[in-house]
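Working notes for the structure below.
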Amino acid sequence: MNHSFKLPAVGTTIFSKMTALSQEYDAINLAQGFPDFDVDPVMIELVTYFMKANQNQYAPMPGTAQLRKRLSIIAGSLYDFNIDWETEVTITSGATEGLFCAIHTVVNPGDEVIIFEPAYDLYAPAIELAGGILKPIMLEFPAYSIPWDEVVKSISPKTKAIVINSPHNPTGSVLSHADMLVLQELVLKNDIFLIADEAYEHIVFDGNVHQSVLKYPKLWEKSFVVGSLGKTLNATGWRLGFVFAPKRPSSELRKIHQFVTFSCNMPFQLAVAEYMKDESVYKKLSSTFELLRNYFVAELENTAFKPLKTSGSYFMLADYAAISNLNDVQFCEWITKEAKVSAIPVSVFNSNGQDRKVIRFCFGKKQETLQAGLERLKLITPQFSAVNV
């Protein structure tokens, strides 16, 4: 019998591949985007408390009232925006599920969706599964800024949504106030939806301020804003995210969410709601990661790699053109095996496979982890490459 499947061309994600390779060769994993420092013991104690208090059954489908209320309070404090926690906040199994559900809420077969590449690798498959047509636009190198003229040209009567990501994974670029005003005009003028991936909203550098959609009330009316509690709390394995959206889109999103996960981990939701009463939990993130960024940049400049600017997230791109002519996938495999440091090739984030000889490092690690990785990176020279390739 002949059977057809929905994503025949999609394999295991590059993150899983590079992490497995890193483990196989005992390499320092600067590839996958997770911090290696410990979760706050206070949060562990809170989870344990709620488990022992027998809060271990299904949570309400849209999320616990405690966590949704807490997130609405935080949004109001940070962005001066009033969100109805009952009808406009949904807790999801990580930002990944939130993005998937948001895409499937609005995208029907034949709808066009604009994304910006390099793009987080969830967007394209989720759009394809919804029957949508991908309209990728390349960010302008090396700043990885949005070419708004190209966006205008790409919008058609079939355009249903635009997906943005700021701070951006994998490049670390951030959208400005001017960018958001242009985006708002395009969304409203063309009556299209916006899906905003704001997973790294609390990690911005150099005096930048995160330009959340919540700062733009008119834009909000057509938007889904997706966030990651795992990224905020340095607990990515807890798989907690959220989606803010106006009442009607939220109601439609929940119809999908209820058949994807139904609800998310009950004791973790209660623990996070209690823990995030302390504003310093999220307000200290920028300074914490900026110190790590500064350290990583300063040390990487003593290698044969050329660091590119990063203004947010805990990722940095580095140019390796002076070291090797290998394509970026081959180069990442090579440094994992030979230099015992893993990274992510950026070409996999481009639908056309464009390779600019840049790779992504995650600097959201303990300083001793970064130091150990940097010592190995300092050994990588054109001569070392010629001998080992």
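Against the condition touching a residue at least 60 places away in the same chain (Cβ under 8 Å) and among the basic types (Lys, Arg), how does Lys365 come out, does it pass? For Lys365, the condition - touching a residue at least 60 places away in the same chain (Cβ under 8 Å) and among the basic types (Lys, Arg) - is met.
With respect to the stated conditions, Ala143 fails to be assigned by TED's automatic domain parsing to the domain that holds Lys255, surrounded by 18 or more Cβ atoms within 10 Å (Cβ to Cβ) and small (Gly, Ala, Ser). The set of residues in the stretch 48-62 that are within 17 Å of Thr92 (Cα to Cα) and among the hydrophobic types (A, V, I, L, M, F, W, C) comprises Ala59, Met61. Might you check whether a residue that is within 20 Å of the chain's Cα centre (by Cα) and at positive phi occurs anywhere in the stretch 109-122? Within the stretch 109-122, not a single residue is within 20 Å of the chain's Cα centre (by Cα) and at positive phi. In summary, Ser251 fulfils each of the numbered conditions (1) surrounded by 16 or more Cβ atoms within 10 Å (Cβ to Cβ); (2) within 19 Å of Val225 (Cα to Cα); (3) of a type in the set (Gly, Ala, Ser) with the single exception of condition (1). Confirm whether Glu150 is under 24 Å from Tyr216 (Cβ atoms), more than 16 Å from the chain's Cα centre (by Cα) and surrounded by fewer than 20 Cβ atoms within 10 Å (Cβ to Cβ). Taking the combined requirement at face value, the residue satisfies it. Within the stretch 1-21, the set of residues being touching a helix residue (DSSP H, G or I) at 6+ places or on another chain (Cβ under 7 Å) and modelled with pLDDT of 80 or more comprises Lys6, Leu7, Ile14, Met18, Leu21.
Only one of Ser351, Ser324, Ser313 is within 29 Å of Asp40 (Cα to Cα) and either without any contact (Cβ under 8 Å) to a residue 60 or more places away in the chain or in the same structural domain as Met18 (by TED's automatic domain parsing) (or both); which? So the residue among Ser351, Ser324, Ser313 that is within 29 Å of Asp40 (Cα to Cα) and either without any contact (Cβ under 8 Å) to a residue 60 or more places away in the chain or in the same structural domain as Met18 (by TED's automatic domain parsing) (or both) is Ser313. Of the residues Phe268, Phe242, Phe305, the single one that is under 20 Å from the mean Cα position of the chain (by Cα) and crowded, with 17+ Cβ neighbours inside 10 Å is Phe242. For Leu300, the criteria (1) assigned by TED's automatic domain parsing to the domain that holds Ala53; (2) crowded, with 20+ Cβ neighbours inside 10 Å; (3) over 22 Å from the mean Cα position of the chain (by Cα); (4) not aromatic (Phe, Trp, Tyr) hold in every case but one, which is (1). Quick one: which residue in Asp206, Asp179 is in contact (Cβ under 8 Å) with a residue 12 or more places away in the chain and in a loop (DSSP other than H, G, I, E, B)? Every option except Asp206 fails the conditions.
The values are calculated or read from the model by the stated rules, or taken from the named source; none is laboratory data. This structure is a prediction, so every number in the text was calculated from the model and none was measured. Using ideal geometry, Cβ is built from the backbone for each residue, glycine included, and neighbour counts are taken over all protein chains shown.
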